Amino acid sequence: MNSPEQQALHPLWLLAELTYSCPLQCPYCSNPVRLGDRSNELSTEDWLRVLGEARKLGAAQLGLSGGEPLLRKDLELIVAEGRRLGYYTNLLTSGMGMDEARIAALRDAGLDHIQVSFQADDPVLNNRLAGTDSFAKKTEIARLVKAYGYPMVLNVVMHRHNLDRMREILDMALDLEADYIELANTQYYGWALANRDYLLPTREQLDRAEAIAHDYQARYADRMKIYFVVPDYFEGRPKPCMNGWGRVFLSIAPDGTALPCHAAADLPGMQLPNVRDHDLAWIWRESPDFNHFRGEDWMQAPCSGCDERSTCFGGCRCQAYLLTGDASATDPACDRSPRHEVILHAVRDAAQRTQVPPPIMRNKRNAGRLRSSS
């Protein structure tokens with residue numbers, strides 16, 4: 001039975017992963033390595049029902065993601081229902097598949113926020129990392145987002161191949177009149193873990209880039225908010241993944257699988273519930289998997305006796321499993337973990353690496369071309 005504290009929890013943030021289809025092939029993609037069948041995606045009616053059930057549970061922010069959510073032809077209908085229900089709606093997009101007519105239609109439907117992702121400031125590097133010719137389109141869409149009155153929000157995932165261009169990336173953001181830019185250093189699970197040898201930077205790269213970010217934060221505080229998210233491989237403490245398992249975050253995969261975090265499907269023994277079979281109230285409150293890592297009863301030492309356990313929640317369960325084989329273990333990103341050496345070893349290897357292997361791409365048709373341009 002849940003404790004009174006656990007019974008009081010309700011989702012605040014609903015991430016609707018509308019499709020895993022995407023025109024890009026980013027080597028750090030957060031989608032599962034084993035992608036689902038697109039023919040099994042939820043229908044429009046299913047998504048509208050899910051939005052209503054999540055709102056009744058208390059969800060207030062709606063993220064529309066993928067893959068590339070613009071590939072869903074019913075996106076405007078989903079946005080309109082989100083507005084009707086009272087969500088604050090945020091579209092997370094590569095910009096591919098967008099044009100001025102689509103932005104206008106989404107604005108009319110009630111979309112509140114658009115976040116556009118870039119891979120780099122340099123067109124050649126951006127396109128190589130994205131696996132497709134996308135930089136010009138992204139730039140066009142970023143300017144249209146601003147022209148249509150949205151806050152200009154950029155996201156750039158940082159790693160070994162673009163950290164040395166921190167200054168140029170921030171200059172690009174200023175040129176695009178960005179209101180916010182999130183410099184999100186890669187977190188290593190899913191495709192990013194498969195490509196860790198390709199992506200993991202050196203400590204020196206990270207320190208230089210962070211110093212530049214802080215300099216721009218001070219110089220341009222009145223023009224642009226800059227968020228620099230350090231990878232937990234270099235922090236000595238794990239991030240409070242999703243602010244704790246099943247506490248505030250709820251994700252629905254394209255096939256209707258309900259997830260307490262992006263990568264939960266990677267964990268062994270999970271029989272994650274599906275919104276086609278259960279309503280969200282049961283899934284959130286009663287399903288064994290959503291309750292599995294709630295609270296502290298599951299914690300092993302040193303987490304169970306740690307004075308920081310109520311703020312980091314033991315770190316990432318998926319990272320713990322992927323690096324130790326035990327989903328209940330202390331996240332190895334924590335320097336108190338008895339398995340922290342696996343992180344230190346990866347960081348040392350990155351510092352000594354003079355050549356990196358080619359990336360493993362979601363779409364193997366692009367792999368040969370990307371190798372030749374690496």
At 20 °C in a medium of viscosity 1.002 mPa s, segment 224-304 has a Stokes-Einstein diffusion coefficient, with Rh taken as the Kirkwood radius over alpha carbon pairs, in µm² per second, of 148
How much length is gained on full extension from S43 to D164, taking 0.36 nm per residue of separation minus their Cα-Cα distance? 39.3 nm
Take every Cα-Cα pair in segment 120-272 and report what % of them are more than 23 Å apart. 48
So what is the diffusion coefficient of segment 243-374 in µm² per second by Stokes-Einstein at 4 °C and 1.567 mPa s, using a Kirkwood Rh over Cα pairs? 76
May I ask for the net charge around V229, where only other residues with Cβ less than 12 Å from the Cβ of V229 are counted and Lys, Arg are +1 while Asp, Glu are -1? -3
Taking the full set of protein chains and a 1.4 angstrom probe, give the accessible area of E296 in square angstrom, rounded to the nearest 10. 80
Once you place label points 7 Å from the Cα toward the Cβ at Y227 and R336, how far apart are they in nm? 2.6
What does the chain give for Rg and for Dmax, in Å, if only its C-alpha atoms count? 20.4, 57
Centroid-to-centroid separation of segment 70-87 and segment 153-205 [C-alpha atoms, Å]: 29
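Averaged per residue, what accessible surface does the chain expose to a 1.4 Å probe, in Å²?
43
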Find out how many positive minus negative residues lie around G66, taking Lys and Arg as positive, Asp and Glu as negative, among other residues whose Cβ is under 9 Å from that of G66. -1
Ordering T257, T354 by accessible area with a probe of 1.4 Å, largest first, what comes out? T354, T257
What whole-number distance in Å separates the alpha-carbon centres of segment 263-320 and segment 337-355? 27
Relative contact order of segment 51-173, pairs being alpha-carbon contacts under 8 Å that are 6 or more residues apart, as %: 22
At q = 0.10, 0.21 Å⁻¹, what log₁₀ I(q)/I(0) does segment 6-163 have when each alpha carbon counts as one equal point scatterer in the Debye sum? -0.38, -1.40
Radius of gyration and Dmax for segment 303-365's Cα atoms, expressed in Å? 15.1, 49
Students often get this wrong, so check it: of K56/K146; K138/K225; K146/K225, which have C-alpha atoms separated by over 23 Å? K56/K146
For R336, what charge total do you get from the other residues with a beta carbon under 14 Å from its beta carbon, if Lys and Arg give +1 and Asp and Glu give -1? -4
Quick calc: nm separation of the 7 Å Cα→Cβ label points for W282 and S328 -> 2.7
Leaving out ligands, DNA and RNA, and with a 1.4 Å probe, what % of the accessible surface on the chain is carbon or sulfur? 49
Considering every Cα-Cα pair within segment 300-339, what fraction, in whole percent, is farther apart than 12 Å? 48
Simple spin-label estimate for D122/A351, 7 Å along Cα→Cβ, in nm, reads 2.6
Cα extents of segment 66-157 along the principal axes, largest first, in whole Å, come to 42, 24, 23
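The values are calculated or read from the model by the stated rules, or taken from the named source; none is laboratory data. Please read all numbers here as calculations on a predicted model, not as lab measurements. FYI the Cβ positions are ideal-geometry reconstructions off the backbone, even for glycines, and counts take in every protein chain you see. Keep in mind that these areas ignore ligands, DNA and RNA; they rest on the heavy atoms of the full protein, side chains included. Shrake-Rupley method; radii C 1.70, N 1.55, O 1.52, S 1.80 Å.
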